[in-house]
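K.L.:
Shown below is the structure under consideration.
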Amino acid sequence: GPIRVFLDSLPKFRLGEQDGKGFHCLAGLFYLKERSRQVQTLDVQDPGSGEVIGNAATFLVLSSIRETAGFLDLTYHFNDMFDIQGGVRFSGNKQRYIEFGSGPVNGGDSVTTSDSKDSPVTWLISPRVHFDRDTMLYARIASGYRNGGPNTGAPGVPRNFDSDETINYELGFKTIMLDRTLTLDLAAYWIDWKRIQIQLTEPSSQFLYFANGSRARSRGIEAAIDWPPAPATTISANGTFNDAELTADFPGTANIFAGKGDRLPFTAKWSANLSVDQDIPLDDDITGYVGGTITYVGDRPQLFPSRITTPRLSAPAYTTFDLRAGLRYADYTLNIFATNITDKRGFTGLAYRNNNNLALGYAASVINPRTIGVSLAYGF
């Protein structure tokens, strides 16, 4: 199993602090070691019935990754109103990949090994203006990085995919109003993404693999509010608009049909959540509560098609309703809940069962059905 060690509890250093001015410094270390095992099979189906009648290939994959990193954040306070933060993270990672293949499609038994390593550097800059203790305007520019790695050794699948990188731009506003009862967070963002990593399907073998596209862009607005309109009542709401699409055509060598302007897989343009909770004091020691949540998730396009004649699937929008009630006593909480009370069949993912024979239909992953239960929690 994975072994993760986080060493980010190093001391915080303050340099030259006087009357709210000067440097604040935060440094830390990170270490990760992870091993995984995966099996992929390619079955032979009867073209008429779809019944599995044999095995064409089997792949056993053993992989490992080791990463070490160190980071340094410096914040300079010019005065009580304005400060600026800068940070940098240096890391190094090594990956090991061993694949054992068998079966006629694989051409018999085989062993494939692959090693990779990289040393990315990421950074951030974030100026902040504090109008008072309850209101802040901030901006942030930061880089992001994600490791590349190996693919399965199946025919027609590229052996490796490269790392991808992002530059993130964000402008945000945070405030507490109405006698410090209403909290409001607003943020607008723009993310430029290059060498995007996309999951694809090899047309002949139907194996999933990763490849790199050209460029993409994600931009949007997020808003969140917490407000108690009456004593012991809390209303929380958040909403997101996200416009994520390709800004360049996929390379012609890729087994994919996607071009500039196509929406990125699994991205909903609109999503929102509204919760209302009411506490009900019963006596000096026991408090009851009731609450409900409405969640909306917009439609989400699925994987890019691997054939020009294959229509792209899209998961439709859905809305769910949850209810809850319970009692709190000292460190104990008794909770009675009902989630997805309308038993909505919201799809989280859709994929064709066989891209070479669309008549076989598609497989769907769905959200949890209506669920009613009771839980008892103890806090310590």
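K.L.:
Below 8 Å, C-alpha to C-alpha, sequence gap of six or more: please give me the relative contact order for segment 264-327 in percent.
P.N.:
That works out to 36 percent.
K.L.:
Once you keep just the Cα pairs under 8 angstrom separated by 6 or more residues, what percentage relative contact order results for segment 314-380?
P.N.:
This gives 35 percent for segment 314-380.
K.L.:
I want to check the label-to-label distance for Ala230 and Cys25. Put each point 7 Å from Cα in the C-beta direction and report it in nm to one decimal.
P.N.:
5.5 nm
K.L.:
Select from segment 150-181 those trypsin sites (Lys or Arg not before Pro) which occupy a DSSP coil region and have at most 14 other Cβ atoms within 10 Å, ordered by residue number.
P.N.:
Arg159, Arg180
K.L.:
Taking R0 as 35 Å, what FRET efficiency do you get between Leu323 and Ser49 from their Cβ-Cβ distance, rounded to the nearest 0.05?
P.N.:
Between Leu323 and Ser49 the formula returns 0.20.
K.L.:
Out of these labelled values of Cα Rg over 2.2 N^0.38 Å, [x] 1.09; [y] 0.96; [z] 1.22, which was calculated from the coordinates shown here?
P.N.:
Step by step, Cα Rg over 2.2 N^0.38 Å for this structure corresponds to label [z].
K.L.:
Given contacts defined as C-alpha pairs under 8 Å and at least six residues apart, what's the relative contact order of the chain, whole-number percent?
P.N.:
Relative CO of the chain lands at 8 percent.
K.L.:
Hey, what's segment 273-380 come to in accessible area per residue, 1.4 Å probe, Å²?
P.N.:
On a per-residue basis, segment 273-380 sits at 60 Å².
K.L.:
For the chain, what % of the accessible area comes from carbon and sulfur atoms, probe 1.4 Å?
P.N.:
The value for the chain is 58 percent carbon and sulfur by accessible area.
The values are calculated or read from the model by the stated rules, or taken from the named source; none is laboratory data. None of the values given here were measured: they were computed from a predicted structure. Cβ: placed from backbone, ideal geometry, glycine included. Neighbour counts: every protein chain shown. Calculation scope for accessible area: heavy atoms of the full protein, side chains included, ligands and nucleic acids excluded. Shrake-Rupley method; radii C 1.70, N 1.55, O 1.52, S 1.80 Å.
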